[in-house]
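Down below is the structure, laid out as structure tokens.
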Amino acid sequence: MESQRLHAWARVLILAAAAAAATQCTPSRPASRAGGAAVQSDLAVAAQATYVAPGDLDQYYMFSSGGHSGQIYVYGLPSMRHLSTIPVFTPYPATGYGFDDDSKKMLGELTWGDAHHPALSETKGDYDGRWLFINEMNGRIARIDLRDFKTKQILGPIPNLHGNHASSFVTPNSEYAMMATRFSRPVPNRPVGVDRYATEYKGIIAGIKIDPASGEMSLAWQLLMPPFDYDLGDAGKNASDGWMFFTSYNTERATGKLEVTASQRDRDYIAAVDWRAVERAVASGAGDMIDGVRVIDPQKVPGLVFLMPCGKSPHGVDVAPNGNWIVGSGKLQGVTTVFNFEKVQTAIKNKDFTGEEDGIPVLKYESIKDAEVPVGLGPLHTQFGTDDWAYTSLFVDSAIAKWKLGTWEVVDKAPMSYSIGHLAAAEGDTVSPDGNYLVGLNKLSHGRHLSVGPSQPESSQLLDITEEKMKLLYDAFTEPEPHYAQIIKADKVKPIEVYPKEENKHPLAVWDINQAGVTRQGNRVTVKMVAVRSTLTPTDFEVAAGDQVTVAVTNIEQTTDELHGFGLLDYNINLVIDPGETKTVTFTAKKSGVFAFYCTNFCSALHQEMQGYMVVK
Ligand code: K7E
Ligand code: CUA
């Protein structure tokens, strides 16, 4: 009882502190007693600002990386409701992902992926609502079609590049998504001792070409880089369109206890890549084929990559909407550094270099820097709002700093609970951010939700950024593991409600129950099945033990939300078929006997009758 009262009191204090901080410049100032009424009305305002009444819809979609859950979580803003889970790198029985032939093939041998950075497709630097890309540490990148919110392609693991963290940043007209190595290793991969890391291990930056019509990704080229740990990236836009920026740490080229050995230098680098120049070099036949990929060594083709010194162990690099400012956050510094792209170009032209790394020129820091903004401790990532406002997450300070591009003045801080990593602003990576909302994606949450045991629920915090002071509106549970998210205006996304019958070109589709049935060729059996309320036709079928069986289920419904499932017991088979869709599953009938199949998605009053048998003789 005593501890419960204490707990409640602690919560009041935390809320009061958060509300107070929203109206004070100094974070975490405890509210005075006299402030109680003000706190109360602040909370009421916050509650109203996030309340989406029954029947109303949210204004924004937020696509949130699920980290090593391998999935993407879709939230609505401002309600912060979790609307949907898009399985990408991990099987997900709820949608049958990873069970049917196509998605199983797409996942390959890996049943997990550590996803980090979703990137919406762009046209002229604006989110266009067509596709969503996301990277994964096992050297893969995926494309989700926002027409149906389904994963359509997983490219990789691609050769040479190991630990794909600095990805999937998309260029302003979706020409490319990018990839870069976190864990350098020998290229091509071979067993070379770690003692030869500094000279024989290499990093890779890869350009993943995106087909402008279909979104299909292909590996276009790779750059051979010094063995640094490439961490994050952002594409140039407007003034810097055609360039790509990647942060790196461990420019010490150290091994072992990196927390010590890779924190020696005061500055690491941002690699600036002129990707149009890389394209020209590729077109002229530069580079060598390594493991089937065209790899260019910048040592042999000068002018493709330049290194911008950035303070210490930088994490995020973020290009401002005008494209001229490049913000690099040194996580072991108290400042975030703003570079000026025009100055970068001048320094390149004047060969204003202070050295080189494996033949790549290092630009003179003083010549390319515009400002060191004293944002606070542990700056990680920066997002942008309207009117040149910038917002930087501070992991160590556990806060967000609001500051102004151009004047470099820090005007506000909002405490985060706790230890913010990424942050996402509405349309925040575009050439014209919306302002309105900012979401802090926190790494820890201790005490912000009901306890569910040692693994605490993760927390995201929604802020109103329309006014001078940032205002905390809402704490939302976030599916782990939060990394980056992007927020797009809801009306830019135009999802379909059913797959139109005329678009279904699946060779095994059947739209008439009279055409459903079993055909056999040798020991290959094909079952064409129709799913419609409330029967799976054929209702039973026979095969022989050892047969290779393909069941193709077509859901012939053209009604919204009328999904059917096909669960086959004891065979680990679980399909979910959307209206108008055909899915197949192929298996060997190893076990003999009688096995029930049934619809797993509740579809009608007679859903429970939607069942049948497979007899294996
Ligand atoms: Cu983008 Cu979380 Cu992979 Cu920063 S990382 S926090
Ligand atoms: Cu079909 Cu339940």
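The values are calculated or read from the model by the stated rules, or taken from the named source; none is laboratory data. Since the model is a prediction, treat every value here as computed from it, not as a measurement. FYI the Cβ positions are ideal-geometry reconstructions off the backbone, even for glycines, and counts take in every protein chain you see. Remember, those area values only see protein heavy atoms, side chains included, never the ligands or the DNA or RNA. Shrake-Rupley method; radii C 1.70, N 1.55, O 1.52, S 1.80 Å.
Does the range 576-598 contain at least one residue that is open to solvent by 50 Å² or more (accessible area, probe 1.4 Å), closer than 21 Å to ILE513 by Cα and not polar (S, T, N, Q)?
Yes, there is a match, as at least one residue in the range 576-598 is open to solvent by 50 Å² or more (accessible area, probe 1.4 Å), closer than 21 Å to ILE513 by Cα and not polar (S, T, N, Q).
Taking the range 205-242 only, how many residues are among the acidic types (Asp, Glu), more than 16 Å from ligand 1 (Cβ to nearest atom), within 27 Å of MET106 (Cα to Cα) and in contact (Cβ under 8 Å) with a residue 60 or more places away in the chain? Steps first, please.
Residues of the range 205-242 that are among the acidic types (Asp, Glu), as a first pass: 211, 216, 229, 231, 234, 241.
Retained after the next criterion (residues that are more than 16 Å from ligand 1 (Cβ to nearest atom)): 211, 216, 241.
Now restrict to residues that are within 27 Å of MET106 (Cα to Cα): 211, 216.
In the following step, the residues that additionally are in contact (Cβ under 8 Å) with a residue 60 or more places away in the chain were identified as 216.
Count: 1.
So which residues in the range 164-174 are touching a residue at least 60 places away in the same chain (Cβ under 8 Å) and over 19 Å from SER64 (Cα atoms)?
THR171, PRO172
Any idea which residue in the range 37-74 is surrounded by the most Cβ atoms within 10 Å (Cβ to Cβ), counting only those that are touching a residue at least 60 places away in the same chain (Cβ under 8 Å) and assigned to a loop (DSSP other than H, G, I, E, B)?
By that ranking, first place goes to GLY66.
To keep it simple, each residue is scored yes or no on (1) open to solvent by less than 20 Å² (accessible area, probe 1.4 Å); (2) among the charged types (D, E, K, R); (3) assigned to a loop (DSSP other than H, G, I, E, B); (4) under 21 Å from THR392 (Cβ atoms).
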residue: SER248; (1), (2), (3), (4): yes, no, no, yes
residue: ARG253; (1), (2), (3), (4): no, yes, yes, no
residue: SER263; (1), (2), (3), (4): no, no, yes, yes
residue: ASP268; (1), (2), (3), (4): yes, yes, no, yes
residue: GLU279; (1), (2), (3), (4): no, yes, no, no
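Give the number of residues within the range 382-426 that are open to solvent by 10 Å² or more (accessible area, probe 1.4 Å), in contact with an Asp or Glu (Cβ under 9 Å, 6 or more places away or on another chain) and either under 23 Å from LEU444 (Cα atoms) or within 16 Å of ligand 1 (Cβ to nearest atom) (or both).
Residues in the range 382-426 being open to solvent by 10 Å² or more (accessible area, probe 1.4 Å), in contact with an Asp or Glu (Cβ under 9 Å, 6 or more places away or on another chain) and either under 23 Å from LEU444 (Cα atoms) or within 16 Å of ligand 1 (Cβ to nearest atom) (or both): 3 in total.
Listed here are the residues, each with its yes/no results for (1) charged (D, E, K, R); (2) surrounded by 14 or more Cβ atoms within 10 Å (Cβ to Cβ); (3) outside the structural domain of GLY96 (by TED's automatic domain parsing); (4) not in a strand (DSSP E or B).
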{"site": "THR519", "(1), (2), (3), (4)": "no, no, yes, no"}
{"site": "THR526", "(1), (2), (3), (4)": "no, yes, yes, no"}
{"site": "GLY546", "(1), (2), (3), (4)": "no, no, yes, yes"}
{"site": "VAL551", "(1), (2), (3), (4)": "no, yes, yes, no"}
{"site": "THR554", "(1), (2), (3), (4)": "no, yes, yes, no"}
{"site": "GLU562", "(1), (2), (3), (4)": "yes, yes, yes, yes"}
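I want to confirm something. Restricting to the range 485-511 and keeping residues that are open to solvent by 60 Å² or more (accessible area, probe 1.4 Å) and over 30 Å from THR382 (Cα atoms), which single residue is nearest to the chain's Cα centre (by Cα)? Break it down stepwise before answering.
Our first condition is that a residue be open to solvent by 60 Å² or more (accessible area, probe 1.4 Å); within the range 485-511, this holds for 489, 491, 494, 497, 501-503, 505, 507.
Remaining after also requiring over 30 Å from THR382 (Cα atoms): 497, 501-503, 505, 507.
Working: GLU497: 24, LYS501: 32, GLU502: 33, GLU503: 29, LYS505: 31, PRO507: 34 Å.
So, considering only residues that are open to solvent by 60 Å² or more (accessible area, probe 1.4 Å) and over 30 Å from THR382 (Cα atoms), the one nearest to the chain's Cα centre (by Cα) is GLU497.
With respect to PHE99, is the statement that it is open to solvent by less than 30 Å² (accessible area, probe 1.4 Å), assigned to a loop (DSSP other than H, G, I, E, B) and of a type in the set (Phe, Trp, Tyr) true?
Spelling it out, it is not the case that PHE99 is open to solvent by less than 30 Å² (accessible area, probe 1.4 Å), assigned to a loop (DSSP other than H, G, I, E, B) and of a type in the set (Phe, Trp, Tyr).
Which of the residues belonging to the range 567-582 are outside any loop (DSSP other than H, G, I, E, B) and in contact (Cβ under 8 Å) with a residue 40 or more places away in the chain?
LEU568, ILE573, ASN574, LEU575, VAL576, ILE577, THR582
Could you list all residues from the range 530-544 that are in a strand (DSSP E or B), more than 27 Å from PRO495 (Cα to Cα) and within 15 Å of ligand 2 (Cβ to nearest atom)? So that I can check it myself, show each step before the final result.
Step one: list which residues in the range 530-544 are in a strand (DSSP E or B), which gives 530-532, 535-537, 540-543.
Then keep just the ones that are more than 27 Å from PRO495 (Cα to Cα); that gives 535-537, 540-543.
Answer for the range 530-544, where residues must be in a strand (DSSP E or B), more than 27 Å from PRO495 (Cα to Cα) and within 15 Å of ligand 2 (Cβ to nearest atom): THR535, LEU536, THR537.
Out of GLU479, GLU467, report the one residue that is touching a Gly at 6+ places or on another chain (Cβ under 9 Å), in the same structural domain as LEU146 (by TED's automatic domain parsing) and among the acidic types (Asp, Glu).
Answer to the check: GLU479.
Looking at the range 339-346, is at least one residue out of contact with any helix residue (DSSP H, G or I) (no Cβ under 8 Å at 6 or more places or on another chain) and part of a loop (DSSP other than H, G, I, E, B)?
Taking every residue of the range 339-346 in turn, none turns out to be out of contact with any helix residue (DSSP H, G or I) (no Cβ under 8 Å at 6 or more places or on another chain) and part of a loop (DSSP other than H, G, I, E, B).
With respect to ALA198, determine if the residue is open to solvent by 20 Å² or more (accessible area, probe 1.4 Å) and in contact with a Pro (Cβ under 7 Å, 6 or more places away or on another chain). Can you show your working first?
Values: open to solvent by 20 Å² or more (accessible area, probe 1.4 Å): yes; in contact with a Pro (Cβ under 7 Å, 6 or more places away or on another chain): yes.
In short, yes.
Filtering the range 427-453 down to residues that are small (Gly, Ala, Ser) and in contact with a Phe, Trp or Tyr (Cβ under 8 Å, 6 or more places away or on another chain), which residue is surrounded by the fewest Cβ atoms within 10 Å (Cβ to Cβ)?
Taking the candidates together, the pick is GLY435.
With the range 392-506 as the region, which strands (runs of 3 or more DSSP E) entirely inside it contain at least 2 residues that are more than 26 Å from ILE134 (Cα to Cα) and touching a residue at least 40 places away in the same chain (Cβ under 8 Å)?
Here the list reads 399-404, 410-415, 471-478.
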